[in-house]
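Colleague: Take this structure, written in structure tokens, and hold onto it; I'll ask about it next.
The values are calculated or read from the model by the stated rules, or taken from the named source; none is laboratory data. If you're wondering where the values come from, they're calculated on a predicted model, not measured in any experiment. Here the Cβ positions follow ideal geometry from the backbone for every residue, glycine too, while neighbour counts run over all protein chains shown.
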Amino acid sequence: MSLIQSILANVHKSLHPERRKRIRKFQAFHFRQLQHVIFRALFGSNLKALAALYGSDKWGSHWYAQHYERHFSCLRKKRINILEIGIGGYDDPEAGGESLRMWRAYFPNSRIYGVDICDKHVHDERRIKTFRGSQVDQIFLGQVVQEIGDIHIIIDDGSHRNEHVLGTFGFLFPKLSKDGIYVIEDTQTSYWPSIGGSSSDFNRADTTMGFLKKLVDGLNYPEFDLPQYEPTYYDKHITAVHFYHNMVFIQKGFNKEGSNLLSKGEWCKPW
């Protein structure tokens, strides 16, 4: 972390929560276009600094921005559509939106979309559009996908309830563009029984982490010595899964490399 990033993060954390909230609202609704131009000009390629400047919890409260930079830096100048579930601020219509503005600054040629169960339309502006609805309402999500078109990045920072995370992933991942990236934040809820997790059985398939860990085996499905095995949609369309502290990146693609040892369930001699 650079000196300026450290200063920004420490200043942000040192402020009283109510003062942080007032500052975020001021940033969001006063001189926002001028602020955007300045932030993008000075820190456009530095996601950690942008997160601190806009007040996003992706840097300071969490340490996600470093991982986003690793996976998104090569996409920064592309014209893509980004959908984030969860805008923040709960039922306060003026609160939240920090990460939407952060993404807009970091991706200068992209369109940013947000979904929240509360009305957040006051955050709509050039290259940012919000939708109101539940992340587990498939009719609503279908309408969102239809309006956006191709979605290249999906970020689930919504309710974090295990059943919601898995339901949303099951519906949206097949609709993600063929080389897209799906990100799930705050996977620590997998271990919290109060919202559907488990602190005793870490491999339960109805928890976020339990489900995602099972996807890893699917990366190697051509190596299964099971002649009758039928690969799942995820087996065939996930090419990488990256786990970090409390977050996971799932890379979509065509997993068709095959095996150089197995053929129709029988070992092929490598000599």
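Colleague: In the list Ser56, Ser73, which residue meets the criterion of being buried (at least 20 other Cβ atoms within 10 Å of the Cβ) and among the polar types (S, T, N, Q)?
Modeller: Only one candidate qualifies: Ser56.
Colleague: Can you name the number of the only condition in (1) at pLDDT 95 or above; (2) over 20 Å from His164 (Cα atoms); (3) assigned to a loop (DSSP other than H, G, I, E, B); (4) not polar (S, T, N, Q) that Lys236 fails?
Modeller: Unmet condition: (3).
Colleague: Same structure again: From the list Ile153, Ile80, Ile148, Ile117, pick out the single residue that is touching a helix residue (DSSP H, G or I) at 6+ places or on another chain (Cβ under 8 Å) and surrounded by 15 or more Cβ atoms within 10 Å (Cβ to Cβ). Walk me through it before giving the result.
Modeller: Values: Ile80 fails: touching a helix residue (DSSP H, G or I) at 6+ places or on another chain (Cβ under 8 Å); Ile148 fails: touching a helix residue (DSSP H, G or I) at 6+ places or on another chain (Cβ under 8 Å); Ile117 fails: touching a helix residue (DSSP H, G or I) at 6+ places or on another chain (Cβ under 8 Å).
Step by step, each of Ile153, Ile80, Ile148, Ile117 is checked, and only Ile153 is touching a helix residue (DSSP H, G or I) at 6+ places or on another chain (Cβ under 8 Å) and surrounded by 15 or more Cβ atoms within 10 Å (Cβ to Cβ).
Colleague: For segment 79-179, list the helices (runs of 4 or more DSSP H) that sit wholly inside it and hold at least 2 residues that are without any contact (Cβ under 8 Å) to a residue 12 or more places away in the chain; which are they?
Modeller: Working: elements: 98-106, 138-148, 162-172.
Ranges flagged: 138-148.
Colleague: Would you check which residues across segment 40-78 are assigned to a helix (DSSP H, G or I) and hydroxyl-bearing (Ser, Thr, Tyr) and list them?
Modeller: Tyr54, Tyr68, Ser73, listed by residue number.
Colleague: Consider His67 against the criteria (1) under 18 Å from Glu125 (Cα atoms); (2) in contact (Cβ under 8 Å) with a residue 60 or more places away in the chain: it satisfies all of them except one. Which criterion is unmet?
Modeller: (1)
Colleague: Among what's in segment 239-262 and is modelled with pLDDT under 95 and either acidic (Asp, Glu) or not in a strand (DSSP E or B) (or both), pick the residue that is farthest from Gln66 (Cα to Cα). Break it down stepwise before answering.
Modeller: First, pick out the residues of segment 239-262 that are modelled with pLDDT under 95: 256-262.
Subset that is either acidic (Asp, Glu) or not in a strand (DSSP E or B) (or both): 256-261.
Values: Lys256: 30, Glu257: 30, Gly258: 33, Ser259: 34, Asn260: 36, Leu261: 38 Å.
Filtering first and then ranking leaves Leu261.
Colleague: May I pose another question? Considering each of Ser190, Ser194, Ser177 in turn, give the residue that is farther than 30 Å from Asp150 by Cα and of a type outside the set (A, V, I, L, M).
Modeller: Values: Ser190 fails: farther than 30 Å from Asp150 by Cα; Ser177 fails: farther than 30 Å from Asp150 by Cα.
Going through Ser190, Ser194, Ser177 in turn, the sole match is Ser194.
Colleague: Right, something else. Taking segment 86-114, which residues are under 21 Å from Val165 (Cα atoms) and of a type in the set (Gly, Ala, Ser)? Working first, answer last.
Modeller: Filtering segment 86-114 for residues under 21 Å from Val165 (Cα atoms) gives 86-91, 96-97, 99-100, 112-114.
The answer is Gly86, Gly88, Gly89, Gly96, Gly97, Ser99, Gly114.
Colleague: Taking segment 180-207 as the region of interest, how many residues are free of Cβ contacts under 8 Å to residues at least 12 places away in the same chain, more than 22 Å from His242 (Cβ to Cβ) and in contact with a helix residue (DSSP H, G or I) (Cβ under 7 Å, 6 or more places away or on another chain)?
Modeller: 1
Colleague: Just to be sure, is Gly180 at pLDDT 95 or above and either under 19 Å from Glu84 (Cβ atoms) or charged (D, E, K, R) (or both)?
Modeller: When the stated conditions are applied, Gly180 passes them.
Colleague: Does Phe202 count as exposed (fewer than 14 other Cβ atoms within 10 Å of the Cβ), hydrophobic (A, V, I, L, M, F, W, C) and touching a Lys or Arg at 6+ places or on another chain (Cβ under 9 Å)? Outline the logic, then answer.
Modeller: Details: exposed (fewer than 14 other Cβ atoms within 10 Å of the Cβ): yes; hydrophobic (A, V, I, L, M, F, W, C): yes; touching a Lys or Arg at 6+ places or on another chain (Cβ under 9 Å): yes.
Yes; evaluated as a whole, the condition is true for this residue.
Colleague: Looking at segment 126-144, is at least one residue modelled with pLDDT under 95 and farther than 22 Å from Thr187 by Cα?
Modeller: Kept after step one, since they are modelled with pLDDT under 95, are these residues of segment 126-144: 126.
Add one more test, that the residue is farther than 22 Å from Thr187 by Cα, and what stays is 126.
The answer is yes, given that some residue of segment 126-144 is modelled with pLDDT under 95 and farther than 22 Å from Thr187 by Cα.
Colleague: Still on this structure, please answer the following. If you check every pair at least six apart or on different chains, which have Cβ atoms under 9 Å apart with a residue in segment 242-262 that is in contact (Cβ under 8 Å) with a residue 40 or more places away in the chain first and a residue that is of a type in the set (Gly, Ala, Ser) and buried (at least 17 other Cβ atoms within 10 Å of the Cβ) second?
Modeller: Close Cβ pairs (under 9 Å, with a partner that is of a type in the set (Gly, Ala, Ser) and buried (at least 17 other Cβ atoms within 10 Å of the Cβ)) amount to Gln251/Gly180; Lys252/Gly180; Gly253/Gly180.
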